[in-house]
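Read the structure below first, then the notes.
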Amino acid sequence: MKSFDELNLIDPLRRAIADEKYEVPTEIQAQTIPDVIKGRDILGCAQTGTGKTAAFALPILNRLGAQNRKSIPNSPRVLVLAPTRELAIQIGESFATYGRHLRIKHALVFGGVSQVNQVRVLNRGAHVLVATPGRLLDLMNQGHISLDRLEVFVLDEADRMLDMGFLPDLKRIISKLPEKRQSLFFSATVPPKIAQLAKSLLRDPVSVDVTPETTSVERIEQRVLFVEQTKKKALLEQLVRSEGVGPTLVFTKTKRGANHVTERLTRNGIKAAAIHGNKSQSARQRALEAFRTNRVQVLVATDVAARGIDVDGITHVINYELPLEPESYVHRIGRTGRAGASGIALSFCSAGERNLLQDIERLIGQKVEVDADHPASAVAGEKVPTRPQRRGQRPRRPGWSRETSASSGQGAKQKRRRPKRKPQGAKPSKVAAGSRS
C-alpha cells in the first residue's frame, strides 16, 4: 500500500492525516485498517512505535464519523483499555489529533487523580472512552459508566496487562460487554495466557503479526558493559556526559532504584527525572513533558511506567539493571528505534545478571556485543571486574563479585566464632553457681 488514499477514509480523516504529514501507512496500518472498517475482529501482534494506535483509531473514527450520531451520557460506543495512565493519555491524544475535523468526543479515565472531572466529562457524553482497568471498574460500580451500548472494544498492550496483574479485572470488564460487538486485541507477545484470553474475547479474528521479536531490534545498535553493581552509578554518569549522547532513557528494576539513580545524577549536575508507579499523575506528566522538551536529559523509568513513553529523538536507552523478563528488554530498547529510526542500547551487566543476559540473547537470537572501547567493560574473558587478590589469598571462583557472594552465597566463607574467654580472676555468677533454680 503506497498511500493513505487507498484506505478510502472519510474526508475529515484524510485532512487530519495530511495535517500530520503522514504519507505511507505502516505495515500494521495497511494490514489492519481495511479489516477493521469491514467490522472484523483483530488479533494483532505488534510492538509500540509501529503505528499501532493509528491502526485502530483511524478506522474507529471513520465509523463514528460516517454515522454522525450524538454521544450519550455515561454510555460510550467505543472502549479502549490500556495498562498505564501514560499510554491512556497517549491514546487519547491520538484520537484528538486524528479526529480534529470531526465532532467526536472522547473521555479519559485513569487512577491517581480525582475522579470528579472524569465523571463530569462522562455525564456530558463521550463517543470514545479510553481507560485503565482499575478506575474503569470503580466508576462502573458507582453507576457512572454503562457498557450496554458499546459497539467496539479495544484491548491494547494485553501482555503488559497480565504482567501488572490485571487479569481478574479484565475478566470482570469483559463479562459486562454486550455480545454483539467488534473486538480488537493487541499484544506485543502472545504467551499461552494471552492466547487463551484472545480466544474467549474474539470471534473469527483476522491475525496480524508485523513485529516478530527477532526483527524489532535489528536496527538498534546493542552493546553490553560488564561492571560491578557498586560501580554502575559512576559508569552511568560518565556515559551520559559522553559526546553524542542526547536524550537518554534509563531503566531500573524498582521504583526505589529509579529514585536513587535520579538523585545521584541530579546531585552531580545532570538534569534527570524519574517516572514510576509511586509518582502522582501530575508528577509523571511533568517529568515526561520535561523530557520531551529537552529540559531534562535523562528520564529514569521502571518497566511498567515506560509503556506510553512515546518520545522522538531518544539517542540512547540504558539498561541500568537487566529486566527479569527478556521480553521487557525488547520493549525497553524499542524506545530508541521509533518508526524506523536507529538508536543505541547499552546494558550494564553485573555478575549476578549473567543468566538474565543469556535469556535475552536466546530471545533475540543473537549475541549482544561487548563494548570493548569502554574502559569500564571487562572484555578480557568477559568477566566482571573483581576485588584485588591479597598476597597469600586463595583464588576466588571465576565471576566472583560482592553481589553474587551476598545473593547466592557462592565464594563466601562462614566465619568461625571463637568462644568468649572469661577474664582471669573473675568470680562465677550466681546463676552459674546454682544459686537460682
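Side notes on the structure shown:
- Against the list (1) touching a Leu at 6+ places or on another chain (Cβ under 8 Å); (2) buried (at least 18 other Cβ atoms within 10 Å of the Cβ); (3) more than 27 Å from I17 (Cβ to Cβ), the condition R160 fails is (1).
- Criterion violated by P168 - all others in (1) out of contact with any Lys or Arg (no Cβ under 8 Å at 6 or more places or on another chain); (2) closer than 23 Å to D148 by Cα; (3) touching a residue at least 60 places away in the same chain (Cβ under 8 Å) satisfied: (3)
- Qualifying residue in region 52-73 (condition: of a type in the set (G, A, S), more than 21 Å from the chain's Cα centre (by Cα) and assigned to a loop (DSSP other than H, G, I, E, B)): yes
- When region 255-295 is filtered for residues that are free of Cβ contacts under 8 Å to residues at least 12 places away in the same chain and aliphatic (A, V, I, L, M), only A283 remains.
- Some residue of region 135-144 being assigned to a helix (DSSP H, G or I), within 28 Å of H276 (Cβ to Cβ) and modelled with pLDDT under 95: no
- Among the residues here, A18 does not qualify as in contact with a strand residue (DSSP E or B) (Cβ under 7 Å, 6 or more places away or on another chain), surrounded by fewer than 22 Cβ atoms within 10 Å (Cβ to Cβ), in a helix (DSSP H, G or I) and not assigned by TED's automatic domain parsing to the domain that holds R332.
- Here V36 does not qualify as of a type in the set (A, V, I, L, M, F, W, C) and surrounded by fewer than 20 Cβ atoms within 10 Å (Cβ to Cβ).
- Only one of V80, V24 that is surrounded by 24 or more Cβ atoms within 10 Å (Cβ to Cβ) and outside any helix (DSSP H, G or I): V80
- Matching residues in region 113-122 - criterion: being of a type outside the set (K, R), loosely packed, with under 12 Cβ neighbours inside 10 Å and at pLDDT 95 or above: V116, N117
- Listed by first and then second residue, the pairs with beta-carbon distance under 6 Å, at least 6 apart or on different chains, first residue in region 179-202 and crowded, with 21+ Cβ neighbours inside 10 Å, second part of a loop (DSSP other than H, G, I, E, B), are Q182/G39; F185/L202; F186/D156; A188/Q47.
- Condition broken by N123, with the remaining ones in (1) touching a residue at least 40 places away in the same chain (Cβ under 8 Å); (2) part of a loop (DSSP other than H, G, I, E, B); (3) not hydroxyl-bearing (S, T, Y) satisfied: (2)
- Number of positions in region 85-110 that are β-branched (V, I, T) and either free of Cβ contacts under 8 Å to residues at least 24 places away in the same chain or surrounded by fewer than 22 Cβ atoms within 10 Å (Cβ to Cβ) (or both): 2
- Residue list for region 124-146, filter: in contact with a helix residue (DSSP H, G or I) (Cβ under 9 Å, 6 or more places away or on another chain) and crowded, with 21+ Cβ neighbours inside 10 Å: H127, V128, L129, V130, A131, T132, P133, L136, I145
- L150 meets all of the listed conditions (1) assigned to a helix (DSSP H, G or I); (2) closer than 18 Å to L202 by Cβ; (3) in contact (Cβ under 8 Å) with a residue 12 or more places away in the chain but one, namely (1).
- Selection from region 236-288 of residues that are among the hydrophobic types (A, V, I, L, M, F, W, C) and part of a loop (DSSP other than H, G, I, E, B): V245, I270
The values are calculated or read from the model by the stated rules, or taken from the named source; none is laboratory data. Fair warning: this is a prediction, and the values are worked out from it, not measured in the lab. Reconstructed Cβ throughout: ideal geometry from the backbone, glycine too, with neighbour counts over all protein chains shown.
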